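Remarks on the structure that follows.
The values are calculated or read from the model by the stated rules, or taken from the named source; none is laboratory data. None of these values were measured; they are calculated from a predicted model. Because the Cβ atoms are built from the backbone with ideal geometry, glycine has one as well, and the counts that use them run over all protein chains shown. Heavy atoms of the whole protein, side chains included, go into the accessibility calculation; ligands, DNA and RNA do not. Shrake-Rupley method; radii C 1.70, N 1.55, O 1.52, S 1.80 Å.
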Amino acid sequence: MRRVAITGLGAVSPAGLTAAATWQRVLAGQTAIGPLRLPRMEDVTCPVAAQAHAFDPDAHFSAKRQTSLDRVSQFAIVAAREAVADAGFLPKDPDLAKADVVIGIGVGGMNTLDDSFHRIYGERGRGVHPLTIPKLMTNAPASQISMDLGLHGNTFAVASACASGSHAIGLAFRAIAHGDCDIALAGGSEACITNGTLVGWSALRILSRDTCRPFARNRNGLVLGEGSAILVLEEWERAVARNARIYAELVGFGANADAGDLTSPDQAGAEAAMRRAMASASLTPSAIDYVNAHGTGTLMNDIVESRAIRAVFAADRLPLVSSIKGVLGHCLGAAGALEALATTLALYHQLVPPTANCTEPDEECGLDVVADGARTASLRHALSNSFAFGGLNAVLAFSAWDPVKSHGG
């Protein structure tokens, strides 16, 4: 098994248009959830979302290029460009050209789909764009990244609802660890805040009407978000040889299926996924200092995840736990990737991001959810949890590769 370094980070999110801007707002616990703004609002009853309002496609793509890109692909390309530059790769680098691309997607090109259905049904037969299918297909962000950056490695999409981003990173990690590739771009992207999508989510009756409060006594549901996060993963010795900045080491990946309820979380499945990730990394529970929780802010999910964490870790050695969904909302296929990015930076800076909006921590959760603002801590190892609809669980394990450098970062 080869070691895997994280050498580049890129993000587009409701909190900022770069990884650094996103991290600073997450660290400040400043929510990016606000009033919903859409071109069409008919039938939408949910008043809030976490939207990347500041994102301007004209700043990144020509008008002609935009005709072939759904918003979900635009986010992914911009995040990938930043990650590659952050890792110190120059355009047309022959080694980078061999990189794999693995992108998690929850639902794909929903803006294209929603616009097309509006033309067909709302405008009674108006024709749709000729590139409708290539724009909305699930693999579009991965394919568009490969074309934009000239990457010829194994390129594909992963679809496992809100565990997609974590699954994508985990699969890329395994590819490098087992010698299938030396460099991979991995993460997730989502742009699903549309009229039709929100109507569907509202029917589930789990959306909050004001904000997301993970692990809070007064939590009342999740809030949809959008964005993308891409990590550059690199074989350790190669990264060291080129004197790359290493943010953290990706050391383990655990995944499983509850094989139970379609929407309700399962404590046993969550526990098993965390244990698998630690076993993959040869870590014991006592070594984990921080867990970036799935933490959706729904009544059931937060309780089940809290019970699973308490079952995995000794009562006198519970790790710090926080959720960043109070800032970013639930970005579905991008959620695990954004949370992996936040976990990586937490280790690099030795700072635990807070659980935003949690002004009244739920005592039943029984965890220190860092509700009082970002906290300096000595972080050796961390987990990032993703537990998805369909009972699909994915957990990533990270290590601070150099505590001295991390403290100074």
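The criterion of being touching a residue at least 40 places away in the same chain (Cβ under 8 Å), basic (Lys, Arg) and open to solvent by 20 Å² or more (accessible area, probe 1.4 Å) does not hold for Arg219.
Within region 33-54, the set of residues being under 18 Å from Gly329 (Cα atoms), without any contact (Cβ under 8 Å) to a residue 40 or more places away in the chain and not charged (D, E, K, R) comprises Gly34, Pro35, His53, Ala54. Residues in region 215-235 that are in a loop (DSSP other than H, G, I, E, B), under 19 Å from Pro35 (Cα atoms) and not charged (D, E, K, R): Asn220, Gly221, Val223. Leu318 meets all of the listed conditions (1) open to solvent by 20 Å² or more (accessible area, probe 1.4 Å); (2) over 22 Å from Gly390 (Cβ atoms); (3) out of contact with any Phe, Trp or Tyr (no Cβ under 7 Å at 6 or more places or on another chain); (4) without any contact (Cβ under 8 Å) to a residue 40 or more places away in the chain but one, namely (4).
Suppose we keep only residues that are under 24 Å from the mean Cα position of the chain (by Cα) and loosely packed, with under 14 Cβ neighbours inside 10 Å within region 55-73. Which one would you say is nearest to Met147 (Cα to Cα)? So, considering only residues that are under 24 Å from the mean Cα position of the chain (by Cα) and loosely packed, with under 14 Cβ neighbours inside 10 Å, the one nearest to Met147 (Cα to Cα) is Ala59. Phe173 meets the conditions (1) more than 20 Å from the chain's Cα centre (by Cα); (2) part of a helix (DSSP H, G or I) in every case but one. The failed one is (1).
Picking from residues in region 357-373 that are closer than 19 Å to Arg317 by Cα and of a type in the set (Asp, Glu), the one that is surrounded by the fewest Cβ atoms within 10 Å (Cβ to Cβ) is Glu363.
Residue check: is Ala80 assigned to a helix (DSSP H, G or I), touching a strand residue (DSSP E or B) at 6+ places or on another chain (Cβ under 9 Å) and at negative phi? Yes. Among the residues of region 83-134, those that are hydrophobic (A, V, I, L, M, F, W, C) and in a loop (DSSP other than H, G, I, E, B) comprise Ala87, Phe89, Leu90, Ala99, Val107, Val128, Leu131.
Looking for something more than 21 Å from the chain's Cα centre (by Cα) and either without any contact (Cβ under 8 Å) to a residue 24 or more places away in the chain or in a helix (DSSP H, G or I) (or both) - is there at least one such residue anywhere in region 252-259? No: zero hits.
Contact map, region 63-88: residues that are modelled with pLDDT of 95 or more paired with residues that are open to solvent by 10 Å² or more (accessible area, probe 1.4 Å) and of a type in the set (Gly, Ala, Ser), Cβ distance under 6 Å, separation 6+ or inter-chain. Pairs shown: Gly88/Ala244.
Can you pull out the residues in region 168-190 that are closer than 30 Å to Ala49 by Cβ and open to solvent by 30 Å² or more (accessible area, probe 1.4 Å)?
Leu171
Taking Ile133, is it closer than 22 Å to Gln66 by Cα, at pLDDT 95 or above, in the same structural domain as Arg65 (by TED's automatic domain parsing) and more than 24 Å from the chain's Cα centre (by Cα)? Yes; evaluated as a whole, the condition is true for this residue. Scan region 260-281 for residues that are open to solvent by less than 40 Å² (accessible area, probe 1.4 Å), touching a strand residue (DSSP E or B) at 6+ places or on another chain (Cβ under 7 Å) and part of a helix (DSSP H, G or I) and the total you get is 7. Looking at region 1-21 only, could you name the residues that are assigned to a strand (DSSP E or B) and in contact (Cβ under 8 Å) with a residue 60 or more places away in the chain? Answer for region 1-21, where residues must be assigned to a strand (DSSP E or B) and in contact (Cβ under 8 Å) with a residue 60 or more places away in the chain: Val4, Ala5, Ile6, Thr7, Gly8, Leu9, Gly10, Ala11, Val12, Ser13. Has region 349-358 got at least one residue that is outside the structural domain of Ala216 (by TED's automatic domain parsing) and either under 19 Å from Arg276 (Cα atoms) or modelled with pLDDT under 95 (or both)? No: zero hits. The residue that is surrounded by the fewest Cβ atoms within 10 Å (Cβ to Cβ), counting only those in region 118-142 that are under 24 Å from Gly390 (Cβ atoms) and of a type outside the set (A, V, I, L, M), is Asn139. When region 74-88 is filtered for residues that are farther than 17 Å from Ala140 by Cα and open to solvent by less than 60 Å² (accessible area, probe 1.4 Å), the ones remaining, listed by number, are Glu82, Ala83, Val84, Asp86, Ala87, Gly88.
Within region 191-214, the residues that satisfy the criterion of being assigned to a loop (DSSP other than H, G, I, E, B), within 23 Å of Phe55 (Cβ to Cβ) and among the β-branched types (Val, Ile, Thr) are Ile193, Thr194, Thr211.
Filtered by the rule that a residue be within 13 Å of Asp210 (Cβ to Cβ) and surrounded by 13 or more Cβ atoms within 10 Å (Cβ to Cβ), region 31-46 gives Thr31, Ile33, Gly34, Leu36, Cys46. What do you reckon, is Leu396 open to solvent by less than 10 Å² (accessible area, probe 1.4 Å) and either farther than 27 Å from Cys46 by Cα or not polar (S, T, N, Q) (or both)? In short, yes.
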